[in-house]
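Read through the structure below, which is laid out as structure tokens, and then see the notes.
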Amino acid sequence: MSKRAMETLLLQAMAKFKGLTILLAVLFTMGVQAQRPTEKFSVYGQVFDNAGEPLPYVSVALFQTKDSTYAAGAASELNGKFSVSVKPGNYYAKVSFLSFKTKTIKGIVVSSADVNLKKIGLEPDVANLDEFEVVEEKKLMELDLDKKVYNVEKDATNQGADATEVLDNVPSVSVDVDGNVSLRGSENVRILINGKPSGLSGMSTANALKQLQGNQIEKIEVITNPSARYDAEGEVGIINIVLKRDKREGVNGTVNASLGYPNNYGAGFNVTFKRKNYSIFTGYGVSFRDSPGNASSSQIFTYPDTSFSYTSESQTKRFTFDNNFTLGTEIYFNDYNSLTVSGRYNIGDANNKVDLTYNDFNDLDIATQTVNRFEDEDKDLYSYDLSLNYRKTFKQKDRLFTFDIQQSQNVDNESSTITQTNNVIASENLKQSAFNNEGSVNWLFQTDYIHPIQKGKIEFGMKANLREVIDDYAVGEFNDSTQRYEAIPGFINEVVYNEKIYAAYLMYGKKLKRFSYQLGVRSEYSDIKTDLLGTNETNYRDYLNFFPSVHLNYELKKDHSFQVSYSKRIQRPRHWYMLPFFSYTDSRSNFSGNPNLNPEYTDAYEVGYLKNWDKGSFLTSVYYRFTTDVIERITFADVEGVTKRYPINLGIEDAYGVEFSGSQEINDWWNLRGSFNFYRSIREGLYDQVSYNSDALAWNTKLNSKWTIKKDYGFQASFNYQAPQQSPQGETLARYSLDLGLTFDCLKGNGTFTFNVKDLFNTRKRRSTSFGENFVSEDEHQWRSRYFRVNFTYRINQKKKRQRDRDYDDFDMDGM
């Protein structure tokens, strides 16, 4: 019977039997007093180091004041928080941690309520802080069963790079010469910034990532088989880009500047000002890049009554100027409630010049004409994200409620002029003009709640993602008679793309000694509409799907873990796949969209084994994916020698592979990490009575070696290799590259100079062959040639420190 019920009965008894009032009151008081010694209350708080960083695994022990008898103790969590349950009484606490001075807190009185010791600061137990080297520097790569964490600033070859260059060094991730990102051999990967879609997502992934500067990135998280908590979008998983933000007390930050050849200049800063009840964080980055590239191709066309061929050579000059701003504040109302308001703004412009030459040959391989096309394109770019995040914690461990709102916008306006000359046929000397103005607006609403239940926890949440993309385009040809540009039929339209995704999920997880499991289900309703205003066409799609996920984990020994996981995924057609617009830079090679595309559905299975030891870790995974309605770009050719690429739902795919990732500290001055991924993709499909079956075997590997020379110098080499890979219409040839980096610490550890070279041997090129019913094509393309760069970073209250951290995090089935 509860205490309140006992009081109620007592009052009723006193009213009816006044004669027993004194006797019952005495009995009740004795009963309550007898129960009190069995009640326990919490003594809790949070431990920080001298820099204001939370300290995990700190020993907190409570002793009775009267005789110094040990009462109870606990270790702090990863966020520095601890809680110790004791009976009412008088205590003192000892807070101790390796390499820190033990702190004694006296006069702790526990009576009838929990006691908050608030923030407890520990001081290093060293005489000279400048010589103390056991601090919080992270490893380059951290491994876990369900994710890989890549700490960007630890890679010397990434200094001054953009996000595509950074991603290309991440295990399991590949970036082709055009900037397209793939994970385990598939481009169907979901890319997030700080765990959410960004305003940059309104444009193509490659263009968006090129605008994001590497010095703003703290780390990259790769999740290959996400749970129901995450969006079901992404056939092969999620890549989350986490931007920099310092959480220590006081003023902290970094200032950097870089210059390189070809023209590559940049500068920026990231600064955080933190006090007890609030923090303000801001950053700025500016960059100017000259990215020269080139391409060549050979096309042979064979028809029953004729055959011909041509070669093409192109030189590209790209100039990009970008500005990135960030500003935000986090307010701590109390120990359990905080609110973060932040914004990120990007503005820039670009100029692309493409000089393309065709050389035509007849069936006797005799040159017949030369055609030159020169395009001069200007781009105006801007995007922003505005976010509001509310976070509430509770006294109960691991209980959490969050609510997020984000509004994003992106604008990408392009205009170009094209001049074509023909050395034989004067009538084919042309002037053309094109524009493509694209803008998108995205709203995100999300709430999540985690509630511990005994040794497990239940989690649920809801999310709405509302996006509108407007694409207005036209291509015109100059008419000498009217002295004006006239639209080319089929190359003018305005497209309005609306996508509304509503989601809810439920998960439950529990740990039973060495075994733990997590079960979840996610529901997503997709409401998608495409309007072609110029031709008065409408395409509407809506579908409701359920996406289950299962994660099972077993700890074989202290540092051995084994996991089996399953999840169902979806890959909706990218919005530019739905647009009918044809690219027009190369008039003989066009791409058009398909508004009738259906989404892909994937069942993903994975088995992983993780082994950790003092100086390294090793992760191996075996995975299998079965996908229906696979989207494939098919190439066709007409009798005039124009090839057109067109996305279709081809058929089914069976993909499986094995992946190895590991790191090892060979000795105090040499660290080695690497990854190897082998996979096979079997596709079956029929389109327009033509079979497009393929059986592709491929593999890729990455190897990174880092040497520490004396105390202040470091040298790093990174090698990437991508083996040949077949497709339904051809093959992509092997690609490899070598990057080098050299670092030098100065200004008593506050500054670092970095020199790096990307693609030392200038071999990072895409080479491919493709074929169809009446054509054979060979292509070579290099987006950007080899370049050199020097970068300087100055740390504000962040003196560079060294530590041999473990190269992994504790296992967490929750992912990010």
Note to self: Can you give the FRET efficiency to the nearest 0.05 for D363 and T421, using r as the Cβ-Cβ distance and R₀ = 25 Å?
What the structure shows: 0.50
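Sort V790, V181 from largest to smallest accessible area, using a 1.4 Å probe on the heavy atoms of the protein chains.
Values: V790 60, V181 10 Å².
I get V790, V181, largest accessible area first.
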Check: Roughly how many nanometres apart are two label points built 7 Å out from the Cα toward the Cβ at Y687 and Y646?
Finding: 0.8 nm
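If you roll a 1.4 angstrom probe over the protein chains with everything in place, what fraction of the accessible area of segment 404-459 belongs to carbon and sulfur, to the nearest %?
On the way: 1450 of 2590 Å².
Carbon-and-sulfur percentage of accessible area, whole number: 56.
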Next item on the list: Give the calculated FRET efficiency between T302 and F626 to the nearest 0.05, with a Förster radius of 56 Å applied to their Cβ-Cβ distance.
Entry: 0.90
Next item on the list: Can you tell me how much longer the chain between H560 and V607 gets when fully stretched, taken as 0.36 nm per residue apart minus their C-alpha distance, in nm with one decimal?
Entry: 15.5 nm
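Note down the relative contact order for segment 669-715 as a percent, whole number, built from C-alpha pairs under 8 angstrom at least six residues apart.
Working: 70 pairs, mean separation 20.4, N = 47.
Relative contact order, segment 669-715: 43 percent.
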Check: Which one of F591, G657, G608 is farthest out on the positive end of the charge dipole of segment 553-672, using unit charges on Cβ (Lys, Arg +1; Asp, Glu -1) and the Cα centre as origin?
Finding: F591
Next item on the list: Give the Kirkwood hydrodynamic radius (Å, one decimal) of segment 648-695, defined as one over the mean of 1/r across all pairs of different Cα atoms.
Entry: 13.9 Å
Next item on the list: Mind giving me the nanometre distance, one decimal, between the label points for F755 and K87, set 7 Å out from Cα along Cα→Cβ?
Entry: 7.1 nm
Next item on the list: Tabulate in residue order the Karplus-calculated ³J(HN,Hα) for segment 454-461, using 6.51 cos²θ - 1.76 cosθ + 1.60 with θ = phi - 60°, rounded to whole Hz; enter x for Gly and Pro.
Entry: 6, 9, x, 7, 10, 9, 8, x
Check: With the contact rule set at Cα under 8 Å and sequence spacing of 6 or more, what percent relative contact order holds for segment 729-788?
Finding: 36 percent
Checklist line | Nonlocal amide H pairs with N750, under 5 Å, H built at 1.01 Å | finding: K800
Check: Under a plain spin-label model, where a point goes 7 Å from the Cα along Cα-to-Cβ, how far apart in nm are D349 and V271?
Finding: 2.9 nm
Check: Ordered by residue, what ³J(HN,Hα) values in Hz, to whole numbers, does segment 702-707 give under the Karplus form 6.51 cos²θ - 1.76 cosθ + 1.60, where θ = phi - 60° and Gly and Pro are x?
Finding: 9, 9, 10, 10, 10, 10
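Let me know the charge dipole size of segment 617-750 about its Cα centre in debye, to the nearest 20, where only the beta-carbon of Lys, Arg (+1) and Asp, Glu (-1) is charged. Kindly include the intermediate steps, with their values, before the conclusion.
Working: 13 positive and 16 negative charges, 129 e Å.
The calculated dipole for segment 617-750 is roughly 620 debye.
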Note to self: Please report the equivalent ellipsoid semi-axes of segment 669-809, computed as sqrt(5 x eigenvalue) of the Cα gyration tensor, largest first, in whole Å.
What the structure shows: 43, 18, 12
Margin query: Kirkwood Rh and Cα-based Rg: tell me the resulting Rg over Rh for segment 361-404, rounded to two decimals.
Written below: 1.72
Notebook entry, point to check: At q = 0.15 Å⁻¹, what is the log10 ratio I(q)/I(0) for segment 230-356, with the Debye formula run over Cα points and no solvent?
Noted result: -0.94
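For D712 and T104, calculate 0.36 nm times their separation in residues minus their Cα-Cα distance, and state this gained length in nm to one decimal. List each step's numbers first, then the result.
Values: separation 608, 0.36 × 608 = 218.88 nm, distance 3.78 nm.
Full-extension gain reported as 215.1 nm.
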Next item on the list: In whole Å, largest first, what are the principal axis extents of the Cα atoms in segment 511-667?
Entry: 65, 41, 25
Item checked: For segment 598-614, Karplus couplings with θ = phi - 60° (6.51, -1.76, 1.60), whole Hz, Gly/Pro x -> 9, x, 8, 10, 10, 9, 10, 10, 8, 10, x, 9, 10, 10, 10, 8, 4
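My understanding is that a pair violates if its Cα-Cα distance is over 21 Å; which of K274/K711; K81/K457; K94/K118; K397/K510 do that in this structure? Let's see the in-between values first.
Working: K274/K711 31 Å; K81/K457 19 Å; K94/K118 15 Å; K397/K510 15 Å.
Listed pairs above 21 Å: K274/K711.
The values are calculated or read from the model by the stated rules, or taken from the named source; none is laboratory data. None of the values given here were measured: they were computed from a predicted structure. Here the Cβ is made from the backbone with ideal geometry for all residues, glycine too, and neighbour counts use every protein chain on show. Just the protein is used for accessible areas: all its heavy atoms, side chains included, with ligands, DNA and RNA removed. Shrake-Rupley method; radii C 1.70, N 1.55, O 1.52, S 1.80 Å.
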